[in-house]
């Protein structure tokens, strides 16, 4: 991976760190490629049972597109008569969000500071968000005359409802950590100096859990959001059969009967 994104796997947990703190972890082309490659690597890596997505520094989780690079790219497009700049949505942002939301393992976002634009989208694509009390969220898109990307049009209304999502998209503003918790954007808010330890603790707990069941839970939530109740019930049956055949289910039942904590294998 490039220095702009760090990737490490220990004891079943992949930690992905956006590492451009001097630029508020904005996404230039190098960082977008590196983040895409990192999340796809985590999704495919059989050693990985959970993912922690976080960022370096204390000011920002990710403020989205690097506008300095973006302005130069727009000028180059005008000179050449092309529209290559906006292809970054299909080439980078979409694959990143799909890998985060579709990988068969839980993803925790440790939001240490401002999450804006695509950075907001990356945080929303995680399954669980641990947020520093000094952090904030901002859709930002309309503020620079753009529409939503990075999955925000799909994830945000599912978390907070269509009306509130429209409000935040049409009238971008800073949503502080406590309000984010009340809206349902943040799962847990902790003091800023405890953020790293708490986010890692949550992610490691998931990395030690029943990975097959977690994958089925992610799939069932995504499926249920866009299908009828009868369809969701039928899909639950398929997923429950899969989870019931896992080694971890047998381990859990035996541990319950023995009144001991289960030691899952992740399969």
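Treat each spin label as a single point 7 Å out from the Cα along the C-beta direction, and report the residue 234 to residue 254 distance in nm.
3.6 nm
Give me the orientation-averaged projected area of the Cα convex hull of segment 171-226, in nm², one decimal.
Projected over every direction and averaged, the Cα hull of segment 171-226 covers 5.8 nm².
Relative contact order, percent, of segment 5-207 when contacts are C-alpha pairs under 8 Å separated by at least 6 residues? Walk me through the numbers before you get to the answer.
Values: 416 pairs, mean separation 43.6, N = 203.
Once divided by the residue count of segment 5-207, the mean separation gives 21 percent.
Between residue 142 and residue 11, what's the calculated FRET efficiency when r is the beta-carbon distance and R0 is 41 Å? Round to 0.05.
Taking R0 as 41 Å, the efficiency between residue 142 and residue 11 is 0.45.
Considering only DSSP beta bridges where both residues belong to segment 96-239, give the percentage that are antiparallel (nearest 5).
About 15 percent, rounded to the nearest 5.
Subtracting the Cα-Cα distance from 0.36 nm times the residue separation, let me have the gained length for residue 59 to residue 47 in nm, one decimal.
Numbers: separation 12, 0.36 × 12 = 4.32 nm, distance 3.16 nm.
Answer, rounded to one decimal: 1.2 nm.
Take the alpha-carbon centre of segment 116-141, take the same for segment 158-220, and report the distance between them in whole Å.
Segment 116-141 and segment 158-220 have Cα centres spaced 8 Å from each other.
Have a look at 189, 144, 97 and tell me which one the Gaussian network model of the chain (Cα, springs below 10 Å) gives the largest fluctuation.
Looking only at 189, 144, 97, the largest GNM fluctuation is found for 144.
So what is the orientation-averaged projected area of segment 108-162, using the convex hull of its C-alpha atoms, in nm²?
Average of the hull's projected areas for segment 108-162 equals 3.7 nm².
Kirkwood hydrodynamic radius, computed over distinct alpha-carbon pairs, for segment 113-267: how many Å, to one decimal?
Roughly 17.6 Å, rounded to one decimal.
From the Cα gyration tensor of segment 5-207, with a ≥ b ≥ c the square roots of its eigenvalues, which class applies: rounded if a/c is under 1.5, or else prolate if a/b is larger than b/c, or else oblate?
In terms of gyration-tensor shape, oblate.
Would you mind computing, in nm to one decimal, how far apart the modelled labels at residue 91 and residue 77 are, each placed 7 Å from Cα along Cα→Cβ?
About 1.1 nm separates the two model spin labels.
How many percent of DSSP beta bridges within the chain run antiparallel, rounded to 5?
Here the antiparallel bridges make up roughly 25 percent for the chain.
For segment 211-257, what does the alpha-carbon gyration tensor say about shape, rounded, prolate or oblate, given a ≥ b ≥ c as the root eigenvalues, a/c under 1.5 as rounded, and a/b over b/c as prolate?
Here segment 211-257 falls in the prolate category.
In nm, what is the difference between 0.36 nm times the number of residues separating residue 201 and residue 170 and their Cα-Cα distance?
7.6 nm
Can you bin segment 38-96 into rounded, prolate or oblate? Criterion: square roots of the alpha carbon gyration tensor eigenvalues sorted a ≥ b ≥ c, rounded for a/c under 1.5, prolate for a/b above b/c, oblate for the rest. Spell out each step's value before the answer.
Details: a/c = 4.83, a/b = 1.78, b/c = 2.72.
Note, shape of segment 38-96 comes out oblate.
Test of understanding: ordering 263, 105, 176 by Cβ neighbours within 10 Å, fewest first, what list do you get?
Exposure proxy ranking, most exposed first: 263, 176, 105.
None of the figures in this text is laboratory data; all of them are computed from the coordinates on show. Please read these numbers as outputs of a predicted model, since none were measured by experiment. So basically every Cβ, Gly included, is an ideal-geometry build from the backbone, and we count neighbours across all protein chains shown.
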